[in-house]
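Below you'll find the structure, written out as structure tokens, and then a few comments.
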Amino acid sequence: MSSGSGSSGEALARAVAELAAAANDRATPDELLRGLADVAGRHLAVDGVGVMVLDEDGGGTARFVHAHPPAVAGPERLQQVLQEGPCQDAMAFQVEVVVDDLEDPVQTAWEEYVPAVLDLGFRSVVALPLLARGRVWGALDLYRREAGTWQLPELTWTRLLAQVTASYLVMAADRDEARRAERELAHHSAHDALTGLPNRVLLFDRLDRALAAARRRQESVACLFIDLDRFKAVNDTYGHAAGDTVLVTVAHRLQAALRGEDTLARLAGDEFVLLCEDLPQSSPEELSHGLDGVVTRLRRALAEPVACAGTEIVVSASIGIALSGEGTTPDDLLADADGAMYRAKREGAAAVGVPRRRSGRRRERSPGPVPQAAQLELPYRPAGDAAGEGRTGPRDVTGPGT
């Protein structure tokens, strides 16, 4: 407890200055409330201070935040457990609650709270709601060990401190909301609205980073261009809502089949791109085996029909694979994978276009002698069996077109 100067304007000025410093340091609402309890405990003529916050996420219940000194945490936590007490009434009715003597016979409220607070050695309490923008943000509780009347000047200073704190809480909440909005905007600008997958912008950023890392390690990254077969027939037969359901389901299944370090993006329409980094590649055979495992996981993810529009739709995909080489750009790698995918399309549904490692920056330049590692032929074939060839139950929307 401060000695004499606790109720002075000088003490309040020091308290407000400390809170302002915390607010300027971009404190969170809880950090501001902890600061309120600490500065009030140091500068006001009280034996203890506690702060509670109205936890809207928790159904509007009071949540204990901080106490100064720690011994005051007892009665504050008790209010949280009982959901009764002076801070509860202050927040519920948006009024100050002043109790000069908790042992006064006329004091009949809070049957469980009062005995517990008296056992902890406190006789008097004041609770002030933290009000701003027409709502309650929390409550400030002040405790004294001696009974006595709370004087108007000290209550006035305390109200001012509570008002300043509420204003800072609004500032902190606005700042947090702006940060959330900024994060959401950044997320939306880099992710596909339908599937939640990275979009072209984020894909090219990760391609650029992956290629730079691969050059440093003298390794390759793999890019798989995945195009759903005959997807137009799904939209034409069942409607675009069903088509969206298929795309979302496929995206979730493919994502679940990948390694944590892989990036799956939706490029456009029914086109997905998979970026694979850190594949084992001590030899062409090891790299071939690793890519074979990736394709197998993709096939398994697509094997289960998608239930929508009152039926089950069989989904297959043609996949083109490209490997990076020295000087490969993101555009190069994606174009190579796209070309491999179209070659696979010409072979038939559910085919895979085998990769060839690019060794130059531009296609029209002669790459010179092709190293053996670049002559990578994988044992892929149209994988109709994995995608459900020969099914008789689910509807296979086949027909001409891609």
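Computed from the coordinates by the stated procedures, all read-outs in this text should not be read as laboratory data. All values derive from a computational prediction rather than experimental measurement. With ideal geometry, Cβ positions are generated from the backbone for all residues, glycine too; neighbour counts draw on all protein chains shown.
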Expressed in nanometres to one decimal, the distance between label points 7 Å along Cα→Cβ at D119 and T156 is 4.0
Within segment 133-212, which GluC sites (Glu not before Pro) sit in a loop by DSSP and count at most 10 neighbouring Cβ atoms inside 10 Å?
E146
Cut-off 13 Å between beta-carbons: net charge of the residues surrounding V248, Lys and Arg +1, Asp and Glu -1
-1
Under a 5 Å amide H to amide H cut-off, with H placed in plane at 1.01 Å, what residues pair with C308 once short-range neighbours are removed?
I313
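Around A210, what is the net charge, scoring Lys/Arg as +1 and Asp/Glu as -1 over all other residues with Cβ under 12 Å from its Cβ?
-2
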Full extension between E286 and R42 adds, at 0.36 nm per residue less the Cα distance, a length in nm of 81.1 nm
V201 versus A241: modelled label distance in nm, points set 7 Å from Cα along the beta carbon direction:
3.0
A correct Karplus calculation of ³J(HN,Hα) over segment 262-267, with 6.51 cos²θ - 1.76 cosθ + 1.60, θ = phi - 60°, whole Hz and x for Gly and Pro, returns 7, 10, 10, 10, 9, 7
Nearest-0.05 FRET efficiency for R343 and R215, computed from C-beta distance (R0 30 Å)
0.65
Just need the Rg to Rh number for segment 5-184, please, alpha carbons only, Kirkwood Rh.
0.97
Can you work out the PRE-style zone for L82? Point 7 Å along Cα to Cβ, and I want the residues of segment 88-106 with backbone N under 11 Å.
88
Determine the distance separating the Cα centre of segment 306-323 from the Cα centre of segment 109-139; give it in Å without decimals.
61
